[in-house]
């Protein structure tokens, strides 16, 4: 163990689950199946190192995944609070959501969704910015955070990608 790893604070189950974009129950299942490293401090006190959680995320996003780390033409997945735009399939609806770590959130969405999810764009911001996007595209809302892939929304997403590319 490196000196930096020893100094890094350990995360409890709630914080670890939030970082991964999973429920505590799902995280516990991963731990029981040996899919994620953990530290048992006592019979009821389980802790996680951030590095081990990041390693799990890296292993869980495979090369043929619809959510790669980086591919030409696709946005880079940020490691900061962001509003994201994810499309269900090639022609499906678009989810406008917010996450502290987009990679973790996309992983969680992918495991619970029946179609390929494609990250279209991200923008800096939090819950307030997400709410503004929901209001801006309210006329396209299908249900919850899912919106019709209308020209207004697609042009906005394209402008985000053009701005990010400059």
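The values are calculated or read from the model by the stated rules, or taken from the named source; none is laboratory data. Because the structure is predicted, anything quoted here is derived from the model rather than measured. Note: ideal-geometry Cβ built from the backbone for every residue, glycine included; neighbour counts use all protein chains shown.
Can you tell me which residue among 160, 109 is surrounded by 13 or more Cβ atoms within 10 Å (Cβ to Cβ) and more than 30 Å from residue 52 (Cα to Cα)? Talk me through it step by step, then tell me what you get.
On the way: 109 fails: more than 30 Å from residue 52 (Cα to Cα).
It is 160.
Go through the range 86-166 and tell me which strands (runs of 3 or more DSSP E), entirely inside it, have 2 or more residues that are modelled with pLDDT of 90 or more, within 18 Å of the chain's Cα centre (by Cα) and closer than 27 Å to residue 22 by Cα.
Once the strands (runs of 3 or more DSSP E) in the range 86-166 are filtered for at least 2 residues that are modelled with pLDDT of 90 or more, within 18 Å of the chain's Cα centre (by Cα) and closer than 27 Å to residue 22 by Cα, what remains is 94-99, 117-124.
Exactly one of (1) modelled with pLDDT of 85 or more; (2) part of a helix (DSSP H, G or I) is unmet by residue 58. Its number?
(1)
Might you let me know whether the range 62-69 holds any residue that is modelled with pLDDT of 85 or more, buried (at least 18 other Cβ atoms within 10 Å of the Cβ) and either in contact with a strand residue (DSSP E or B) (Cβ under 7 Å, 6 or more places away or on another chain) or within 30 Å of residue 163 (Cα to Cα) (or both)?
The answer is no, given that none of the residues of the range 62-69 is modelled with pLDDT of 85 or more, buried (at least 18 other Cβ atoms within 10 Å of the Cβ) and either in contact with a strand residue (DSSP E or B) (Cβ under 7 Å, 6 or more places away or on another chain) or within 30 Å of residue 163 (Cα to Cα) (or both).
Going by the structure shown, is residue 41 surrounded by fewer than 18 Cβ atoms within 10 Å (Cβ to Cβ), modelled with pLDDT of 90 or more and either within 15 Å of the chain's Cα centre (by Cα) or not in a loop (DSSP other than H, G, I, E, B) (or both)?
The answer is yes for residue 41.
Taking residue 132 as the residue in question, decide whether it is crowded, with 18+ Cβ neighbours inside 10 Å, in contact with a strand residue (DSSP E or B) (Cβ under 9 Å, 6 or more places away or on another chain) and under 18 Å from residue 160 (Cβ atoms).
Here the answer is no, as residue 132 does not meet what is asked.
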